[in-house]
Amino acid sequence: MKSNMKNIQDVLKERILVLDGAMGTMLQRYKFNEEDFRGERFKDWEHPLQGNNDLLSLTQPEAIAEIHRQYFAAGADIVETNTFSGTTIAMADYHMEDLVYELNYESAKIAKAVADEFTAKEPEKPRFVAGSIGPTNKTASMSPDVNDPGFRGVSFEELRVAYKQQVEALLDGGVDILLVETIFDTLNAKAALFAIEEVKEERNIEVPIMVSGTITDASGRTLSGQTAEAFLISISHIPILSVGFNCALGANQLVPHLEVLSSKTEHAVSAHPNAGLPNAFGEYDETPEEMAAQIREYVEKGLVNIIGGCCGTTPEHIKAMVDVVKDYPPRILNTLEAHNHDT
């Protein structure tokens, strides 16, 4: 674990790293039906399973490995595990809470095997695996019931326990980085970060942590009402590798929020936007070329250290980004710490 940590921090100083694109977008290309989701093992499951993408790590592992392969082949340095909904809280929808450890462990193993395959071929370009930790489908700081503002669908403690199980399984499966992403409620993220710190302490290990929030609308706030700066402040007590934004907005709309982060943090800054905003059919139309042109603005302004894609992005989008960022130096990491101690 230690060697890789040194590794990724060194690589971050040398160049802009590229994260993969959307797992869901790629899985849609397979057109898997209910039977494919079930596989042999779950053919008699009492509840519908179509749409449970994380389950495909068990029932269609070759498809998952192939998607990772395509992103690495496009030039990505980091792929994310297929575990965005890998908590008991999110898996309750499919009555699969008992499978959570296995889902995360197997997803991590699949991604790690592919990463190792590429690193062996190109040792000068080490490939990393980020354990994807999604926000769950519940929010700890807001009520889902407009008539009962005090009500909460989930507690901090429930989230902490769920995230801890996910983190342990991802680490056991061999991930190099933990990515707490698509954060719409910072309290949920704090529960995840708390769980990670707990596991680090119990196992006496260090692990790089990426934190990525999501700005949900034109007001420039997260769903739980925080601006970019407030979001940054509320997680800044945790030792992290990078902070950034993903999803929700297209590359274009993210610029002002990345400027705020970039000027205020000593950590690396990441961005993995959607391929534009969804059209009337909920699809993303931005081409690899259009997206790469916007990513060029990020790197010309020196805003980012890690770049990738979210909804609607494919290996073609990632390859276009790789081609753009290779000519630019990474954003210089501010040494704000030094200034803070002087004042």
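Provide the percentage of antiparallel DSSP beta bridges, counting only those with both residues in the chain; round to the nearest 5. Roughly 5 percent of the DSSP beta bridges within the chain come out antiparallel. A simple charge model with +1 on the Cβ of Lys and Arg, -1 on the Cβ of Asp and Glu and nothing else charged puts the dipole of region 181-234 at about 100 debye relative to its Cα centre. Using the rule -39500 (n - 2.57) for each DSSP H run of four or more residues, divided by the residues of the chain, the 222 nm mean residue ellipticity is -14000 deg cm²/dmol.
Which shape class applies to region 204-343: rounded if a/c is under 1.5, otherwise prolate when a/b exceeds b/c and oblate if not, where a ≥ b ≥ c are the square roots of the Cα gyration tensor eigenvalues? Here region 204-343 falls in the prolate category.
Each Lys and Arg contributes +1 and each Asp and Glu -1, all at the Cβ; summed about the Cα centre of the chain, the dipole is approximately 620 debye.
Per-residue extension of 0.36 nm, minus the Cα-Cα distance of residue 205 and residue 102, leaves a gain of 34.9 nm for this segment.
Going toward the positive end of the dipole of the chain, with +1 on Lys and Arg Cβ and -1 on Asp and Glu Cβ, which of 71, 114, 268 do you reach last? Value computed over the given set: 268. Under 30 Å between alpha carbons, and skipping anything fewer than 8 positions from residue 164 in its own chain: which lysines qualify? Cross-link targets: 2, 6, 43, 109, 112, 138, 190, 200, 264.
Which of the listed residues, 256, 135, 81, is farthest toward the dipole's positive end in region 2-342, when Lys, Arg count +1 and Asp, Glu count -1 at the beta-carbon? Selected residue: 256. If you take the square roots of the eigenvalues of the alpha-carbon gyration tensor of the chain and sort them as a ≥ b ≥ c, do you get rounded (a/c under 1.5), prolate (a/b over b/c) or oblate? Verdict is rounded for the chain.
Here's how it looks for residue 307: its modeled amide H is under 5 Å from those of 17, 18, 19, 271, which are all 5 or more places away or on a different chain. Cα centroids of region 78-130 and region 204-270: 23 Å apart.
May I ask you to derive the FRET efficiency for residue 263 and residue 10 from their Cβ-Cβ distance with R0 = 25 Å, giving the value to the nearest 0.05?
On the way: r = 24 Å, r/R0 = 0.97.
Once the sixth-power term is evaluated, E becomes 0.55.
Which of the peptides 79-91, 121-133, 15-27 is most tightly packed, and how do the rest follow, going by the mean number of other Cβ atoms within 10 Å of each residue?
Numbers: 79-91: 26.5, 121-133: 19.8, 15-27: 22.8.
Final packing ranking: 79-91, 15-27, 121-133.
Computed from the coordinates by the stated procedures, all read-outs in this text should not be read as laboratory data. Model, not experiment: these values are computed from the prediction. Quick reminder, even Gly has a Cβ in these numbers, built from the backbone with ideal geometry, and neighbours come from all protein chains shown.
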